[in-house]
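I have placed the structure first, in the form of structure tokens, so that the comments after it can refer back to it.
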Amino acid sequence: MSRQPENNTYVRRVVLPSGKTIEVVYFGDVTDATLPTPEPVEDLHVCGTCESELVYPVDWEESGDTHWEVTLRCPNCEWAGTGIFEQDIVERFDEELDRGTEALVRDLKNLMQANMEDEIERFVSALEAGHIIPEDF
């Protein structure tokens, strides 16, 4: 009777910073002890060089059960770097990115509103001054 090889695989469901969920299949004995030590960082959105709060992720991938390898870039001083970070730090970073996205969308809507109001005012002024006539349409 032949002996079956040990099945050292396990599946882990992972939620990516983008919100997508994937299943990762691990083969063999992979433990956090074999992974690089995570970076001691408080907030990933703050640049360690110029202290700008505009740091954003360029790339990220899972690095073990509870860690992520993240490549970051600061648009203010052009600093870039890659590090291994714990899940909770990456989740806080993701929440900060969401807040930043919401602020950008809010500012964009306000700018669009202001631009539309300005265009309407110019159009009405042109109509009242007789610069626009039916033949223009």
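Run down Gly81, Gly100, Gly48 and say which single residue is within 30 Å of Lys20 (Cα to Cα), in a helix (DSSP H, G or I) and within 20 Å of the chain's Cα centre (by Cα). Give the derivation first.
Working: Gly81 fails: in a helix (DSSP H, G or I); Gly48 fails: in a helix (DSSP H, G or I).
Of Gly81, Gly100, Gly48, the one residue that is within 30 Å of Lys20 (Cα to Cα), in a helix (DSSP H, G or I) and within 20 Å of the chain's Cα centre (by Cα) is Gly100.
Considering Glu91, Glu78, Glu95, Glu117, which residue is over 19 Å from Tyr56 (Cα atoms) and acidic (Asp, Glu)?
The conditions single out Glu117.
Checking Asp94 against (1) outside any helix (DSSP H, G or I); (2) closer than 20 Å to Lys20 by Cα, which single condition isn't satisfied?
The number of the failed condition is (1).
Of everything in region 67-76, what is in contact (Cβ under 8 Å) with a residue 24 or more places away in the chain and loosely packed, with under 15 Cβ neighbours inside 10 Å? Give them in sequence order. Can you show your working first?
Quick first cut of region 67-76, residues in contact (Cβ under 8 Å) with a residue 24 or more places away in the chain only: 67-68, 70, 72, 74, 76.
The answer is Asn76, and nothing else.
Taking Met112 and the conditions (1) of a type in the set (A, V, I, L, M); (2) touching a Pro at 6+ places or on another chain (Cβ under 8 Å); (3) open to solvent by 100 Å² or more (accessible area, probe 1.4 Å), which numbered condition does it fall short on, given that it satisfies the others?
Just one mismatch for Met112, condition (2).
Considering every residue within region 1-13, establish whether at least one is of a type in the set (Lys, Arg), open to solvent by 90 Å² or more (accessible area, probe 1.4 Å) and at pLDDT 90 or above.
Here is the first cut: in region 1-13, the residues of a type in the set (Lys, Arg) are 3, 12-13.
Now narrow it down to the ones that are open to solvent by 90 Å² or more (accessible area, probe 1.4 Å): 3, 13.
The next check asks that each one be at pLDDT 90 or above; those that pass are none.
For region 1-13, residues of a type in the set (Lys, Arg), open to solvent by 90 Å² or more (accessible area, probe 1.4 Å) and at pLDDT 90 or above: absent.
Which is surrounded by 14 or more Cβ atoms within 10 Å (Cβ to Cβ) and modelled with pLDDT under 90, of Gly83, Gly64, Gly100? Show your work before the answer.
Values: Gly83 fails: modelled with pLDDT under 90; Gly100 fails: modelled with pLDDT under 90.
After ruling out the rest, the residue left standing is Gly64.
The values are calculated or read from the model by the stated rules, or taken from the named source; none is laboratory data. Bear in mind the structure is a predicted one, so any value in this text is a computation, not a measurement. All Cβ positions, even for glycine, are placed from backbone atoms using ideal geometry, and neighbour counts span all protein chains on display. These area figures cover heavy atoms from the full protein model, side chains too; ligands, DNA and RNA do not enter into them. Shrake-Rupley method; radii C 1.70, N 1.55, O 1.52, S 1.80 Å.
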